[in-house]
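The values are calculated or read from the model by the stated rules, or taken from the named source; none is laboratory data. These numbers come from a predicted model, not from an experiment. FYI the Cβ positions are ideal-geometry reconstructions off the backbone, even for glycines, and counts take in every protein chain you see. Side chains included, ligands, DNA and RNA excluded: accessible areas come from the protein's heavy atoms. Shrake-Rupley method; radii C 1.70, N 1.55, O 1.52, S 1.80 Å.
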Amino acid sequence: MIQRIAVLTSGGDAPGMNAAIRSVVRCGVAKGWKTFGVRNGFQGLINGTMEPLGTREVGGIMHRGGTVLGSARCDEFKTIEGRELAIRNLNQRGIDALVVIGGNGSQAGANALYEMGFPVVGIASTIDNDLVGSDITIGVDTALNIALEAIDRLKVTASSHQRAFIVEVMGRNCGYIALMSGLAGGAEAITLPEVKTDPEQLAKELHKAYEQGKAHAIIVAAEGAEYNASRLTEYFAENRERLGFSIRSTTLGHVQRGGAPGAYDRILASRLGHGAVEAIDREEFGVLVGLNGNNIITTPYKMIAGKVKTLDPKVIELTQILD
Ligand code: ATP
């Protein structure tokens, strides 16, 4: 019988994590369980920093970006000794199950804990959208909208000066945000980690657009692409006279992560939090809670371990038609 659960956020923060914490706590309380919040991800498990977190404590946090529990990257958790310490601390508090809100790395950590015998359920949350087991993860929609707003603004200034702007967006080794913000922002070109870029070809296309009198050009570059903003800037600097456009580069970086979560992420996070509590109630552990179509599903960790989500080739093709 479940009596006590704990929840933590891990890895890169994502807008909507707070809505997920709130949902886990309130759905847990509705089951009659005592709920705990762990500070700073897996580091907090190792340090034993967890406190009771009730319905009231998670009030007024849903609209805030980031995570009120704090997040951390923790190398010690990658060791067996570190995880043994974590399990000891969880047992000492009488925790029956743990909810891990985070991305790929965090779910690998959660799985490692589960394989050592501790009951764990994961919630898919990362702006990278690289997690297999969920069509989309918490934070992606908000991060995409922030990237899009920046692209729209850069387009305005680019048009006034007939410039080309390289906009670098986050996403680690996954090009999802670059692809989708490029599609929604009407980018002239997109560089992705998943697709090889021929810079010579790109320079030719830019020159053609310039010759045709295009007022601006936007190139969205994924941070994980071979031709990210700095490589592209370097290449274009060496080939400046052939481009026509003068080039400027902007790296959005963490700006993309800091926003208040939009409606989509708050709703998704609330539903995934509920899904995690339901999974715990069924005593279904070692699973990731995610979205499939419009349904909340669970996928066993062993089915997602080591896998990375791929981009839809049809969407890549579409961006090439529409640019
Ligand atoms: P994001 O991609 O959104 O930044 P993430 O969850 O993928 O989030 P990571 O930094 O990859 O972020 O992982 C977060 C933490 O998970 C790591 O600092 C580490 O403590 C733990 N972790 C990652 N991989 C493992 C593993 N194989 N075994 C145990 N723990 C792990």
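Structural remarks
- Restricting the range 192-266 to GluC sites (Glu not before Pro) that sit in a DSSP loop and have at most 12 other Cβ atoms within 10 Å of their own Cβ leaves nothing.
- Derived scalar couplings ³J(HN,Hα) [the range 201-215; Karplus, 6.51 cos²θ - 1.76 cosθ + 1.60; whole Hz; x for Gly, Pro]: 4, 4, 4, 5, 5, 5, 4, 4, 4, 5, 4, 6, x, 4, 6
- The chain - Rg (one decimal) and Dmax (whole number), Cα, Å: 21.7, 71
- For the range 1-151, the spread of Cα coordinates along the three principal axes comes to 50, 35, 25 Å, biggest extent given first.
- The stretch between HIS161 and ALA184, if pulled fully straight at 0.36 nm per residue, gains 6.0 nm over its current Cα-Cα span.
- Phi angles across the range 96-108 convert, under the Karplus curve 6.51 cos²θ - 1.76 cosθ + 1.60 with θ = phi - 60°, into 3J(HN,Hα) values of 8, 7, 10, 9, 10, 9, x, x, 3, x, 5, 6, 5 Hz, Gly and Pro given as x.
- Computed over the range 1-117: relative contact order in percent, which uses C-alpha pairs under 8 Å that are six or more apart: 38
- Count of Lys pairs (Cα-Cα under 27 Å; at least 8 positions apart or interchain) in the chain: 18
- For THR251, solvent-accessible area (1.4 Å; no DNA, RNA or ligand), Å²: 90
- Counting all C-alpha pairs of the range 134-279, share separated by more than 28 Å (%): 23
- Within the shell of other residues whose beta carbon sits under 10 angstrom from the beta carbon of ALA215, the net charge comes to +3, with Lys and Arg scored +1 and Asp and Glu -1.
- Average Cα contact separation per residue, the chain, under 8 Å, 6 or more apart, as relative contact order %: 23
- Under the Karplus curve 6.51 cos²θ - 1.76 cosθ + 1.60, θ = phi - 60°, whole-Hz ³J(HN,Hα) for the range 142-159, x wherever Gly or Pro sits: 5, 4, 5, 5, 5, 4, 5, 4, 5, 4, 4, 5, 5, 4, 4, 5, 4, 5
- Across all Cα pairs in the range 28-103, the calculated P(r) in 10 Å bins from zero up to the longest distance comes to 17, 49, 28, 6 percent per bin.
- For the chain, a Gaussian network of Cα nodes joined below 10 Å ranks MET116, MET17, MET180 by mean-square fluctuation, and the top entry is MET116.
- Rounded to the nearest 0.05, the FRET efficiency derived from the C-beta distance between ARG153 and SER230 at R0 = 22 Å is 0.55.
- Angle between the chain longest axis and helix 17-30 axis [Cα atoms, degrees, rounded to 10]: 20
- Maximal additional length on extending the GLU76-GLU241 stretch stands at 54.3 nm, based on 0.36 nm per residue less the C-alpha distance.
- Remark: accessible surface ordering of HIS274, HIS207, HIS254 (largest first) is HIS254, HIS274, HIS207, probe radius 1.4 Å.
- Stokes-Einstein, applied to the Kirkwood radius of the range 81-150 over Cα pairs at a viscosity of 0.890 mPa s and 25 °C, places its translational diffusion at 182 µm² s⁻¹.
- Taking only protein heavy atoms and a 1.4 Å probe, the accessible area of the chain is 50% carbon and sulfur.
- A helix-only calculation puts the chain at -13000 deg cm²/dmol for mean residue ellipticity at 222 nm, using -39500 (n - 2.57) for each DSSP H run of at least four residues, averaged over all residues.
- Between the helical axis of 229-238 and the longest alpha-carbon principal axis of the chain there is an angle of about 20 degrees.
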